[in-house]
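Beneath this line is the structure, given in structure tokens, with notes to follow.
The values are calculated or read from the model by the stated rules, or taken from the named source; none is laboratory data. Here the structure is a predicted model, which is why all the values come from computation and not from measurement. Backbone-built Cβ (ideal geometry, glycine too); neighbour counts: all protein chains shown. Note: accessible area is taken over every heavy atom of the protein model, side chains too, but ligands, DNA and RNA are not part of it. Shrake-Rupley method; radii C 1.70, N 1.55, O 1.52, S 1.80 Å.
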Amino acid sequence: MRPFDYQEHFRSQLDVLKHEKRYRVFRDLSRHCGDFPHATIHQGDAERNVTIWCSNDYLGMGQHPKVLAAMHEAVERYGAGAGGTRNISGTHHPIVELEAEIAALYHKEAALVFSSGYIANDTALSTLGAMLPECVIFSDADNHASMIAGIRHSGCEKKLFRHSDPEHLDELLRSVPGAVPKLVVFESLYSMGGDFAPLHELIAVAKRHGALIYVDEIHAVALYGDHGAGVIEQEGLLGSVDIIQGGLGKGFGVVGGFIAGSATMVDAVRSCGAGFIFTTALPPVIAAGGLASIRHLKSSSVERRALFERVHKVRTVLSAAQLPVRETTSQIVPLMVGDADRCKRISDMLLEEFNIYIQPINYPTVPRGTERLRITPSPLHTDEMTSELVRALSTCWKKMK
């Protein structure tokens, strides 16, 4: 009997992705420090400059002088790495300061920092769910893959409620006995559609049934609220949410994830969460950059105002050009294509003919038939760049008809 051909099996699986136009191509880019959103694309031995229109560094804080200065100082003072997990190697002081700053930002007793937002969601949800006896988790149907993973790893019973549907959530909660622990999990801002959750309604329903409330704010932190604490701050709901999850890698411009909540719940995750216990800590240089970014944005609204001015301009000119912009009021501007092959070809044409980089968003990130180009303006995009974008997109759309 011939042994199983592992390599051929993997090749066949990749061939399916390629046939369905879902094979992911990573572009080799070098961002230009101090010159965002410009970057150099490397294609073999060739190099050329491109303009990025799909970064999650929404405010350009990855280039901010205060963030860079803090990181330079930290690497000179502490070195490159963290030395290992916090359990074994100790907790370096910059991460202690960072967690205290995050807790203060959200008016919570404690915060815990993770290596990424994915790990934060997976670890927190799996740990809290597993610790609660016979817990039932109620999850929005459009929740991120990291939340889905955490719920699955918790071993809890899961009930999906229709996207942003408080009435369906209420119906599902009523189906579970009142004494059973319940955890309601949703996002404040959905990154692929750019739509906001009905926070007041969902929170009211969850509270009526005595459920814990867990909200992912990762695409909203730094961008919303008077101090950059997100949509929950903007809506005056910080005191109504039990656990807030957020990240440092998007609006704050560095990398990492976090949760904030009561000291007891955060300590439970710290003490029992495998994704935290067995993962090397964020290095001091990253913690210092995140801390500088949070402190700056707590007192500065300049970046937020400039972002939404640019978003408004981009949305206006794309709509005027009769391009299929999905209506949202967030910083995310989805351009609906509706076909995986067409979406990929438009993305390639933008890059090759116009030096504009926008990655195609296809299944399974979004449902089949809703493929899109996800445009994310920043305060550092100019009027000239915006005009170039709409001209290029209009040309591509006409060629693709």
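Any idea how many residues of the stretch 337-374 are of a type in the set (Lys, Arg) and in contact with a helix residue (DSSP H, G or I) (Cβ under 6 Å, 6 or more places away or on another chain)? Number satisfying all stated conditions: 1. Can you confirm whether the stretch 127-137 contains a residue that is within 29 Å of Thr370 (Cβ to Cβ) and without any contact (Cβ under 8 Å) to a residue 24 or more places away in the chain? Looking for residues that are within 29 Å of Thr370 (Cβ to Cβ) and without any contact (Cβ under 8 Å) to a residue 24 or more places away in the chain, one finds none in the stretch 127-137, hence no.
Checked against (1) more than 21 Å from Gly246 (Cβ to Cβ); (2) of a type in the set (Gly, Ala, Ser); (3) touching a residue at least 60 places away in the same chain (Cβ under 8 Å), Gly90 passes all but condition (3).
Screening the stretch 259-333 for helices (runs of 4 or more DSSP H) wholly inside it with 3 or more residues that are over 22 Å from the mean Cα position of the chain (by Cα) and surrounded by 14 or more Cβ atoms within 10 Å (Cβ to Cβ) returns the ranges 263-272, 302-320.
Taking the listed residues Leu183, Leu199, Leu132, the one that is under 30 Å from Val325 (Cα atoms) and at pLDDT 95 or above is Leu199, with no other qualifying.
Matching residues to (1) modelled with pLDDT under 95; (2) assigned to a helix (DSSP H, G or I); (3) open to solvent by 30 Å² or more (accessible area, probe 1.4 Å):
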{"site": "Asp341", "(1), (2), (3)": "yes, yes, yes"}
{"site": "Val366", "(1), (2), (3)": "yes, no, no"}
{"site": "Thr370", "(1), (2), (3)": "yes, no, yes"}
{"site": "Arg374", "(1), (2), (3)": "no, no, no"}
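Listed conditions (1) free of Cβ contacts under 8 Å to residues at least 60 places away in the same chain; (2) farther than 25 Å from Arg208 by Cα; (3) open to solvent by less than 20 Å² (accessible area, probe 1.4 Å) are all met by Gly150, apart from (2). Scanning the stretch 278-319 for residues that are touching a residue at least 12 places away in the same chain (Cβ under 8 Å) and farther than 24 Å from His227 by Cβ gives Phe278, Thr279, Thr280, Ala281, Pro283, Pro284, Val285, Lys313, Val314, Arg315, Val317, Leu318.
Note on the stretch 5-119: enclosed helices (runs of 4 or more DSSP H) holding 3 or more residues that are within 17 Å of Gly290 (Cα to Cα) and open to solvent by 60 Å² or more (accessible area, probe 1.4 Å) are 65-78, 93-105.
When you scan the stretch 138-251 for strands (runs of 3 or more DSSP E) that lie fully inside it, which ones turn up with 1 or more residues that are of a type outside the set (A, V, I, L, M, F, W, C), more than 18 Å from Lys108 (Cα to Cα) and under 23 Å from the mean Cα position of the chain (by Cα)? Don't jump to the end; show me each part of the working.
Working: elements: 157-161, 182-187, 212-216, 243-247.
Strands (runs of 3 or more DSSP E) meeting the threshold: 157-161, 182-187.
Please verify whether Glu134 is closer than 30 Å to Arg295 by Cα and open to solvent by 10 Å² or more (accessible area, probe 1.4 Å), treating the condition exactly as stated.
no
All of (1) loosely packed, with under 14 Cβ neighbours inside 10 Å; (2) modelled with pLDDT of 95 or more; (3) more than 23 Å from Ala306 (Cβ to Cβ) hold for Asp383 with one exception: (3). When the stretch 203-237 is filtered for residues that are open to solvent by 50 Å² or more (accessible area, probe 1.4 Å) and among the acidic types (Asp, Glu), the ones remaining, listed by number, are Asp226, Glu235.
Just for the stretch 155-194: of the residues that are surrounded by fewer than 20 Cβ atoms within 10 Å (Cβ to Cβ) and of a type in the set (Asp, Glu), which one is nearest to Gln234 (Cα to Cα)? Among residues in the stretch 155-194 that are surrounded by fewer than 20 Cβ atoms within 10 Å (Cβ to Cβ) and of a type in the set (Asp, Glu), the one nearest to Gln234 (Cα to Cα) is Asp165.
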